[in-house]
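The values are calculated or read from the model by the stated rules, or taken from the named source; none is laboratory data. Because the structure is predicted, anything quoted here is derived from the model rather than measured. For neighbour counting, all protein chains shown are included, and Cβ atoms are generated from backbone atoms with ideal geometry for every residue, glycine included. SASA here: full protein model, heavy atoms, side chains in, ligands and nucleic acids out. Shrake-Rupley method; radii C 1.70, N 1.55, O 1.52, S 1.80 Å.
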Amino acid sequence: MHTPSSPARMLARRSFFRVAGAGAAVSALVLAGCGKDDPEPPVPGTPTLSLGNFVATATSDPNITVLNYAYLLEQIEAAFYDKVVTTPPADLLPGELAYLTDMRDHELIHREYLKYALGTSAYDNTLATPLVFDFSTFTLTTRTGVWTAARQLEEIGVAAYNGAAKYLTSADHLNALGKIVSVEARHAALAREVLQPGSFADNVGTTGLDDAKTPAQVVALIQPFVPIAISTANLPTT
Amino acid sequence: MNFFHILSEIEKTDPEVFERFDSRRQVFKHMTGFGKKMTAAALPLAMGAIFNKAYGQTTSAPGVNDVLNFALKLEYLEAYFYNIGLSGDGTIGNNTTTAAQTALRAQFSATNLSSLLKIRTDENNHVNFLRTALGADAIAAPAVSQFDFTGGKGTNAGPFAGLFSNAALFLAVAQSLEDTGVRAYKGGAPYLASNKDVLTAALNIHSVEARHASRLRTMRRGGPMNDNASATAGAGTGASPKSWISGQDGGGASPAQTAPIYAAGSAPAYTPAGITFPAEDNVTQGATGAAAGVNLQTALASLSFPAAAFSEAFDEPLDVPTVSTIARTFTITGSTIF
């Protein structure tokens, strides 16, 4: 049920992770230093982003597909909060920057955790430069704009994890996903509260259940943030 | 009698026999004492105990209905709590409001009361949803009299005495119940994987419990009459919690009673190898099977994030026996619900 772990793979993971910590710091700097005047470098490689191979072949692994999907979501969230914390809107209320900083930290840790879990199976393992996400659809110069964006991203995250969990065949990965999604739900509730007190569970209907979205639904929602087309061909549907 | 010879013979048909005794090999520490302390007559009895630990199926992995019925019990616990405090006689679907409930309601701002009533509605809906999902397999509704939310085991004079007339106490117990629920659903999820629809539904309840916990934590930071989520950022302690669990949250809202909600669980024998129940301050993630995970705080030290962030980023699951012990805080002596 779980990913085989040979001693060689463990070693590779460990050495990989040492690099990953440094890489995260570097990419944060790149994002921070990316002003409007800097044209974004073209992303080399294929023009579409495929998150894994869910086609039912002997070598396909739905766990890799779902983890890559989660990894992309966490990359988007981490980049968003990093941008906001680096250049916060002037009208944030007392305490709000502390919330946003905590949320940035959590999402970046989620991202690095998933990168570790995927190892060389990470979708961007062979990309020369990491994807630079596009948040131009958001208004990040006001607290209302920032929290509206945070609410949107967190709600996408909760619904995406809730909808994708059933495709995992590894109990370990399911366990790990559960540890992350409740933190996303805590974030989502707070973002809602900041914008509109009392709205923490407005999306919870008469059954008392939260949203679950299919990968295809989620990809349509996150495509505006991703600079290349995301292929849904290999995403699980059943 | 050569004990190791016996084990060696067993190993030929069960290569994992040594692991079965105890993954941490503590059994061999116990065995060190055998030679010194135990008579030959007592040895067979001791061996029986050891083999029972290794192979005995005193508990087996819960099935889908077991997990759902356990969740249903917890939802009754939560729903009865909000019902008694805010509206009705405790039971599902009773919506009369007493003078005492009106008095408690008056201690909250209109928006905060509205949030509490929404949480109450959600918990009652969870009971109904799970009853429908289980159908004829659902447990009978427990009697309201089986619960004592003061923690007094039936005396109604426990450490939370007065919780239904004191807004701060009410919120403290509410947060404790919701945080317990989040950990419990997380612990149950791996046993629901065989039924994709049920797993998804359970996770959809799980994230709602997390929303509730987050909202209650907002109220506890600002106070029952304060609507403003931005009032204070929260220190991450029991008295002024963040919206997420930070470390072990200082033992929670009332550490003498609530510390176990944030502490480590204990893995029952049937637990899959990669799944553990660490305390909420855990920073090591990603174990797969027998392979250990990675200490994220160490591996990502270059980020210079506060230590608490690494625990806050992940909520941890709890096992059924530990959740049952926590839940028994709120049942009367002699109750067999949990």
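A few notes on this one:
Here is a yes/no grid of residues against (1) facing chain B (nearest Cβ under 7 Å); (2) touching an Asp or Glu at 6+ places or on another chain (Cβ under 8 Å); (3) hydroxyl-bearing (Ser, Thr, Tyr):
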{"position": "A:Asp102", "(1), (2), (3)": "yes, yes, no"}
{"position": "A:Glu112", "(1), (2), (3)": "yes, no, no"}
{"position": "A:Phe133", "(1), (2), (3)": "no, no, no"}
{"position": "A:Phe200", "(1), (2), (3)": "yes, yes, no"}
{"position": "A:Thr207", "(1), (2), (3)": "yes, no, yes"}
{"position": "A:Ala212", "(1), (2), (3)": "yes, no, no"}
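- Top-ranked residue in segment B:229-258 [being surrounded by 17 or more Cβ atoms within 10 Å (Cβ to Cβ) and more than 23 Å from B:Ala184 (Cα to Cα); ranked as farthest from the chain's Cα centre (by Cα)]: B:Ser230
- Any hit, segment B:307-314, residues being at the interface with chain A (Cβ under 7 Å from one of its Cβ atoms), under 21 Å from the mean Cα position of the chain (by Cα) and within 30 Å of B:Phe149 (Cα to Cα): yes
- Test result for A:Ala128, more than 9 Å from chain B (Cβ to nearest Cβ), touching a residue at least 40 places away in the same chain (Cβ under 8 Å) and buried (at least 24 other Cβ atoms within 10 Å of the Cβ): no
- Matching option when the condition is more than 25 Å from A:Glu155 (Cα to Cα), modelled with pLDDT of 95 or more and not in a helix (DSSP H, G or I), among B:Ala273, B:Ala256, B:Ala279: B:Ala279
- Condition met for A:Thr148 (under 22 Å from A:Asp211 (Cα atoms) and either in a helix (DSSP H, G or I) or among the hydroxyl-bearing types (Ser, Thr, Tyr) (or both)): yes
- Odd one out for B:Ile261, checked against (1) buried (at least 18 other Cβ atoms within 10 Å of the Cβ); (2) of a type outside the set (S, T, N, Q); (3) in contact (Cβ under 8 Å) with a residue 40 or more places away in the chain; (4) in a loop (DSSP other than H, G, I, E, B): (4)
- Here B:Arg105 does not fit the description of being within 23 Å of the chain's Cα centre (by Cα) and away from chain A (no Cβ under 11 Å).
- Restricted to segment A:185-221, and to residues there that are β-branched (Val, Ile, Thr) and not in a helix (DSSP H, G or I), the residue that is surrounded by the most Cβ atoms within 10 Å (Cβ to Cβ) is A:Val204.
- From the options B:Ala140, B:Ala161, residue that is over 25 Å from B:Ile205 (Cα atoms) and in a loop (DSSP other than H, G, I, E, B): B:Ala161
- Restricting attention to segment B:189-214 and to residues that are more than 7 Å from chain A (Cβ to nearest Cβ), open to solvent by 10 Å² or more (accessible area, probe 1.4 Å) and touching a residue at least 40 places away in the same chain (Cβ under 8 Å), the residue that is nearest to B:Asn125 (Cα to Cα) turns out to be B:Ala202.
- Every test in (1) within 17 Å of A:Tyr99 (Cα to Cα); (2) more than 9 Å from chain A (Cβ to nearest Cβ) is passed by B:Ser230 save one, and that test is (2).
- In the set (1) in contact with a helix residue (DSSP H, G or I) (Cβ under 6 Å, 6 or more places away or on another chain); (2) farther than 30 Å from B:Ser60 by Cα; (3) at the interface with another protein chain (Cβ under 8 Å from one of its Cβ atoms), B:Phe164 fails one condition alone, (3).
- Once segment B:215-227 is narrowed to residues that are in contact (Cβ under 8 Å) with a residue 60 or more places away in the chain and either in a helix (DSSP H, G or I) or within 7 Å of another protein chain (Cβ to nearest Cβ) (or both), the residue that is farthest from A:Arg186 (Cα to Cα) is B:Asp227.
- Qualifying residue in segment A:179-189 (condition: at the interface with another protein chain (Cβ under 10 Å from one of its Cβ atoms), free of Cβ contacts under 8 Å to residues at least 40 places away in the same chain, touching a Pro at 6+ places or on another chain (Cβ under 8 Å) and under 20 Å from B:Ile205 (Cα atoms)): yes
- Considered as a group, the residues in segment B:304-338 that are free of Cβ contacts under 8 Å to residues at least 40 places away in the same chain and buried (at least 20 other Cβ atoms within 10 Å of the Cβ) include one that is farthest from B:Ala161 (Cα to Cα), and that residue is B:Phe305.
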